Amino acid sequence: MGIGIQKVARDHAQTIARANLQAGREISRTLKEGFDEVQQQQAQIHEALVDQTGVIQRGLEAIELSLDEGFDKVALGLNEVANRVDGLGDVIISSQEKLQAGIKGLKASMDMGMANIVTHFELQRSEIKEGFDMLANILENNQKTLAHERYRDGKEAYDKYLQHPDEPQFLTDALDYLLESARIYRSNAFCHLYLGHIYQEPARYYDLYKSLEHYKLCAVYAKGMANNGLAALGYFMAGWISYVLEDVEGAIEMSEKALQFDKEGLPENYYNLAKFFASMGQAQKAIEYLDVAVRSYDPMYSLKASIDEDFSNIRPTLDQYFTRIRDEEARVLEERLLSFGLPLPELGGKTKEE
């Protein structure tokens, strides 16, 4: 009995030992697999961290490179802006030499009734646009940029009005845009030139006093831009409007100021001054300016003066002037003929040599 119980107890103990051993082996294997898996995951994490570090490093290097390039580009941009600022004055100043080319080319065929159209298309020249566009590009104030946009809108609307004068809405749009531009940024000389044009149009906005005011502002702000050609144009137009308003002294003052800023680009200005002085009966001054227009630009100015009512106030002096220039031209022709061995015929069919 005692032996049987002892055997059962021994067998049970062995069974438990085998079970514990097997369990220990399972636990050990599981733990090993677990540690291996953990180690593998740690290795993967490490590799990922290494990769990520490389990515970060490459990113930082790229950022550093970008920053270097960026600063280089910024520096380059700043240098470009500086150069453009330095060149701005040259562009605007040089534009004065070409601003009046169309008006100058018209000479005696120029009619003040078409001055607004002529000056409008003069401002389409690439040299003038370059000067203003460069100025607009370096404006730091967003409001000034908006002013430039409204100016361009107004200029385009006025251009459409000139193409379609039967559509007054274009003129209304041009006026609204340009007034807004001038309200935001008053110093745009080009804007005031167009406003001067609009207020002398035979439309609902016709107001010569406002036209005169804007032409004067055009001249003032153009002087601030060192654009002598545009300043002369503003004073030239202000002189004409003053004359239409029967302020002849004011017309002379504005026209003489135009000469101070551009002595060669506006032949019509010399003729206008002759006309203004003639209307006041000041023959000597009238002939002085007319002579410049005739001799320096176009002999047809003499014909223009001969049919201009204002010159009737100095008719005797004007006729003497015409006689003098005809005699001078005849002498020049005679000398030219003689230089070619061609004697000038006299009345009766004889030559001077005979």
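The values are calculated or read from the model by the stated rules, or taken from the named source; none is laboratory data. Everything quoted here is computed from the prediction, not taken from an experiment. Methodologically, a virtual Cβ is constructed for each residue, glycine included, from the backbone with ideal geometry; neighbour enumeration extends over all protein chains shown.
The set of residues in the stretch 216-244 that are surrounded by fewer than 16 Cβ atoms within 10 Å (Cβ to Cβ) and in a helix (DSSP H, G or I) comprises Val220, Gly224, Val244. On the basis of being at pLDDT 95 or above, surrounded by 21 or more Cβ atoms within 10 Å (Cβ to Cβ) and under 32 Å from the mean Cα position of the chain (by Cα), does Tyr289 make the cut? So Tyr289 does not fit the description; no. Filtered by the rule that a residue be at pLDDT 75 or above and of a type in the set (S, T, N, Q), the stretch 317-354 gives Thr317, Gln320, Thr323, Ser339. If you go through the stretch 201-215 one residue at a time, how many are closer than 25 Å to Ala232 by Cβ, surrounded by fewer than 24 Cβ atoms within 10 Å (Cβ to Cβ) and in contact (Cβ under 8 Å) with a residue 24 or more places away in the chain? Qualifying residue count, the stretch 201-215: 3.
Do we have any residue at all in the stretch 292-303 that's at pLDDT 90 or above and at positive phi? Checked against the condition, which is being at pLDDT 90 or above and at positive phi, the stretch 292-303 yields no hits at all. Each residue in the stretch 255-279 was checked for being outside the structural domain of Glu309 (by TED's automatic domain parsing) and of a type in the set (Ser, Thr, Tyr), and 1 pass.
With respect to the conditions (1) of a type in the set (D, E, K, R); (2) under 36 Å from the mean Cα position of the chain (by Cα); (3) surrounded by fewer than 18 Cβ atoms within 10 Å (Cβ to Cβ); (4) more than 25 Å from Lys216 (Cβ to Cβ), Arg315 falls short on a single one, namely (2). Look at (1) without any contact (Cβ under 8 Å) to a residue 24 or more places away in the chain; (2) out of contact with any helix residue (DSSP H, G or I) (no Cβ under 6 Å at 6 or more places or on another chain) and you find that Lys144 fails only one, number (1). The one condition from (1) touching a helix residue (DSSP H, G or I) at 6+ places or on another chain (Cβ under 7 Å); (2) in the same structural domain as Ser302 (by TED's automatic domain parsing) that Gln282 does not meet is (1).
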